[in-house]
């Protein structure tokens, strides 16, 4: 985790277009969280380009703020952790097992980073780095009832030291991830990050995933398929036909500008020869 202070908050707030209050209140947390997910895309491009993800403060700032890039959970939630800490929030980073679209018989490692934020006598789940079905707003921990968000309804089911984050799509509740409530040592975050960006069977080593939350829905690019999902659940999907079209889509839909001609190799969905 970060031990050195990040640059001043002005640069971060300019990156996410936030001009609101800086007091450590629930309203501030909600606004910062929402602005973050609408401005900074989730993306694993560096992994597919053969780069290991560097979680040092300088690397995260250079990538997400200076270069106007995105990142995955360890980068984005590490950045949010430091921002919230500087604002005066009490923040605890935790690890979770991804369960989204994973069969119940398949085990998963602790490779997703989330944050809990203590405000008064309540704790909130903050997570700006899940991707396709991540929550756009913080969720109240300790409450098993359905919680409204700007997008899909959520609930958090507690079972001892484990909390399962679920999303309701239509009338069906689906697991998103299971949080381990015991704060892990810093090395566990390094291990989860290392697995996510280097293991030959890791999701992000084999697939292209780029997403962003919009006020009217979600944008999701998975390998060659680009989907716009509206708040009513309706979707429109198009197929990316070439590397040149991919670069154009990344720039136009997600604000991600890679050097012209940068080859993006997708092991699970290679381009035809």
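Things worth noting here:
- Every residue from the range 140-155 that is in a strand (DSSP E or B) and surrounded by fewer than 19 Cβ atoms within 10 Å (Cβ to Cβ): 140, 147, 155
- For the range 158-167, filtered to residues that are more than 19 Å from residue 111 (Cα to Cα) and modelled with pLDDT under 95, the residue that is nearest to the chain's Cα centre (by Cα) is 158.
- Qualifying residues in the range 222-258 (those that are in contact (Cβ under 8 Å) with a residue 12 or more places away in the chain and under 19 Å from residue 152 (Cα atoms)) - the one surrounded by the most Cβ atoms within 10 Å (Cβ to Cβ): 229
- Selection of helices (runs of 4 or more DSSP H) fully inside the range 173-273 by the criterion of at least 1 residues being within 23 Å of residue 103 (Cβ to Cβ), touching a helix residue (DSSP H, G or I) at 6+ places or on another chain (Cβ under 6 Å) and at pLDDT 95 or above returns 186-198, 203-206.
- Of the residues in the range 26-44, none is more than 16 Å from the chain's Cα centre (by Cα), loosely packed, with under 15 Cβ neighbours inside 10 Å and closer than 20 Å to residue 189 by Cα.
- Per the listing 205, 210, the residue uniquely under 20 Å from residue 51 (Cα atoms), buried (at least 17 other Cβ atoms within 10 Å of the Cβ), in contact (Cβ under 8 Å) with a residue 40 or more places away in the chain and more than 15 Å from the chain's Cα centre (by Cα) is 205.
- Just one of (1) within 18 Å of the chain's Cα centre (by Cα); (2) surrounded by fewer than 17 Cβ atoms within 10 Å (Cβ to Cβ) fails for residue 187. It is (1).
- Residues in the range 111-120 that are in contact with a strand residue (DSSP E or B) (Cβ under 9 Å, 6 or more places away or on another chain) and surrounded by fewer than 20 Cβ atoms within 10 Å (Cβ to Cβ): 118, 119.
The values are calculated or read from the model by the stated rules, or taken from the named source; none is laboratory data. Being a predicted model, the structure only gives us computed values, none of them experimental. A quick note on method: Cβ atoms are made from the backbone with ideal geometry, for glycine too, and the neighbour counts reach across all protein chains shown.
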